[in-house]
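FYI, it's all coordinate maths here, none of it is from the lab. Please read these numbers as outputs of a predicted model, since none were measured by experiment. Virtual Cβ from ideal backbone geometry, glycine too; neighbours counted across all protein chains shown.
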Amino acid sequence: MAKTAPPVKKNEMIELTFEDITHEGAGVGKVNGYPLFVPYGLPGEKAKVKVINVKKNFGFGRLIETLHESEERVDPPCNVYYKCGGCQLQHMSYKMQLEMKRNQVKNVLKKIGHIEGIPVHETIGMEDPWRYRNKVQIPVGSRNGELITGFYRKRSHEIIEDMERCIITEEINDRMIDAVREIADRLGISAYDENNHRGILRHIMVRTGQITQETMIVIITRKEKVPELNKLVDEITKTYPEVKSIVQNINSERTNVILGKKTKLLWGNEYIYDQIGDIRFAISAKSFYQVNPLQTKKLYEKALEYANLTGSETVIDAYCGIGTISLFLAQKAKKVYGVEVVPEAISDAKANAKLNGIENAEFFVGQAEKIMPWWKAQGLNPDVIVVDPPRKGCDEIFLHAMIEMQPKRIVYVSCNPSTLARDLRILEDGGYETKEVQPVDMFPQTTHVETVCNIELKGN
Ligand SMILES: C[S@@+](CC[C@H](N)C(=O)[O-])C[C@H]1O[C@@H](n2cnc3c(N)ncnc32)[C@H](O)[C@@H]1O
């Protein structure tokens, strides 16, 4: 059979109409059935496109000029949007972002999970989808002898020189990054240079409790001894009363990983506090904590609604992290068992249970796929299991252990619709039925989508 060559050539200029959009937010247009993926193209738009990469069955293009604009196109409010890789959807109305996320969930459930005809609700969005991130970690560099801070340019390690602020992060975090940089610059503290592994200041991290407005500053340095560090701390604390904690983290490795192993308290408290619903959390420099607490509350309330607890249930919270969902569930259940692979997270979970006077939650360190069969052998019979795995989804052994335990209900919280759909197929084949699916927008302006699913044992 004769092979047909792609209908476009590299560097060719074409006119293209976008019919669809990918999960990464690129426009999809076809030339004689051959799909081209073009970042920043929106469905319904016609554009002048330069073909930049031609593969056998699909290609990539660059948007040169929009000839007919979609009504959903908006001016990105961030001045470095097209340089920075952090956000991907600022050129799209928020309404369209929410629709796109819902469609993505629907499509993968159908394509990968062969699940359709069930309610996939409208994505729960934010009233104000800006300034939601409670944490920012910014690289430090130098230009013309001065310290600079900013995110890296897309696919590079070059700091974007004209980045003044990040409008998806809390305003106070922006102000603190500027303050630390200016003071450090005045005191002559040098920036880390990753090419020759010299210099001192690698990153500045700022975390703020959204409810408490307590701020923690983490100064990440190549070595422990830093000249003028005391003066830096002095100036910050005298000028900014919202700062409750200043921590130094030492990272002497040649690595892209931001935080090193050693952390030292320089001033104030080791923890800042924040609150989701009625639960308080103590957050240290290295603790995992959801970056958008407002939306996290909505997500957990939905998970709690799907768990449908009356107070008499035994619940397992698998992949529990610092116990955020477990502590929410514990308020309405008889007993909650949490399992998580990172020992420090489990220490935080136990401390947070204590902080909130919660006595009916117990936490275990280990791989969920190993602890579940052990729990089963011990005679643990949960009424409800809640899972919130990482992007790769649940381990198959874990899914089968869950099926064997026969809980009445499973609540699946997922940050990756593709692995969610794969896992739902296994649960459905094992006698469960997906009843409804709720996408929640935890990360506006980006392509990430979070989903919570209500799953019931068939015939229950
Ligand atoms: C998406 S996070 C959920 C955290 C938590 N539920 C929350 O909302 O903050 C997934 C968690 O799964 C943990 N994890 C990854 N693999 C695991 C495994 N095999 N067994 C148990 N926990 C695991 C990670 O360390 C991480 O804390």
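Numbers at a glance
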quantity: R0 of 30 Å, Cβ-Cβ distance Asp193-Thr237: FRET efficiency to nearest 0.05; calculated: 0.55
quantity: The chain - mean residue ellipticity at 222 nm from DSSP helices (-39,500 (n - 2.57) per run, n ≥ 4, rounded to 500); calculated: -7500 deg cm²/dmol
quantity: Residues listed by number, segment 350-374, amide nitrogen under 18 Å from Lys297 label point at 7 Å toward C-beta; calculated: 356
quantity: Förster radius 41 Å - calculated FRET efficiency between Tyr273 and Lys225, Cβ distance, rounded to 0.05; calculated: 0.85
quantity: In nm, spacing of pseudo-spin labels at Leu265 and Val74 (7 Å Cα→C-beta vector); calculated: 4.2
quantity: Val247 long-range amide H proximity, modeled H, under 5 Å; calculated: Ile217, Val218, Ile219, Leu266
quantity: Rounded to the nearest 20 debye, dipole of the chain from Cβ charges on Lys, Arg, Asp, Glu; calculated: 1280
quantity: Dipole axis of the chain (+1 Lys, Arg; -1 Asp, Glu on Cβ), positive-most option in Thr239, Gln213, Cys87; calculated: Cys87
quantity: Simple spin-label estimate for Lys95 and Asn256 in nanometres, 7 Å along Cα-Cβ; calculated: 3.8
quantity: Shape category assigned to segment 335-460 from the gyration tensor of Cα positions, a/c cut at 1.5; calculated: oblate
quantity: For a label point 7 Å along the Cα-to-beta-carbon line of His121, residues of segment 305-331 with backbone N under 12 Å; calculated: 305-307
quantity: Long-range amide H partners of Phe37 with built H, under 5 Å; calculated: Gly59, Phe60, Gly61
quantity: Distance between segment 370-384 and segment 299-321 - C-alpha centres, whole angstrom; calculated: 16
quantity: Rel. contact order, % - alpha carbon contacts under 8 angstrom, at least six apart, segment 135-276; calculated: 20
quantity: Residue-by-residue Karplus 3J(HN,Hα) for segment 126-138, coefficients 6.51, -1.76, 1.60, Hz, glycine and proline x; calculated: 9, 5, 10, x, 10, 6, 9, 6, 8, 9, 9, 10, 10
quantity: Estimated FRET transfer efficiency (Asp395, Leu67; beta-carbon r; R0 56 Å; 0.05); calculated: 0.70
quantity: For the chain: rounded, prolate or oblate by the Cα gyration tensor [a/c cutoff 1.5]; calculated: oblate
quantity: Additional length obtainable on full extension of the chain from Asn144 to Lys111, 0.36 nm per residue less Cα span; calculated: 6.6 nm
quantity: Fewest-first sequence of Tyr152, Tyr273, Tyr300 by Cβ atoms within 10 Å of each Cβ; calculated: Tyr273, Tyr152, Tyr300
quantity: Residue order, fewest to most beta carbons within 10 Å, for Val105, Val140; calculated: Val105, Val140
quantity: Cross-link partners of Lys10 among lysines (Cα-Cα below 29 Å; sequence separation of 8 or more within a chain); calculated: Lys30, Lys46, Lys48, Lys50, Lys55, Lys56, Lys83, Lys154
quantity: Partners for Lys225 among lysines (Cα-Cα distance below 24 Å; same-chain residues under 8 apart left out); calculated: Lys238, Lys244, Lys261, Lys262, Lys264, Lys286
quantity: Sequence-separation-based contact order of the chain, relative, with Cα cut under 8 Å and 6+ spacing, percent; calculated: 12
quantity: Extension gain (nm, one decimal) between Glu171 and His448, 0.36 nm per residue minus Cα-Cα; calculated: 97.5 nm
quantity: Cβ-based exposure ranking for Arg198, Arg254, Arg280, Arg102, in which fewest neighbours within 10 Å come first; calculated: Arg254, Arg198, Arg280, Arg102
quantity: Estimated distance in nm for a label pair at Ile52 and Lys334, the labels positioned 7 Å out from Cα along Cα-to-Cβ; calculated: 5.9
quantity: Three-way shape label, segment 292-354, alpha-carbon gyration tensor, a/c 1.5; calculated: oblate
quantity: Relative contact order (%) - criterion: Cα under 8 Å, at least six apart; region: segment 268-357; calculated: 27
quantity: Cβ-based net charge around Gln213, under 10 Å, with every Lys or Arg adding one and every Asp or Glu removing one; calculated: -3
quantity: Segment 415-431 residues near the modelled Asn460 label - backbone nitrogen below 18 Å, point 7 Å along Cα→Cβ; calculated: 423-431
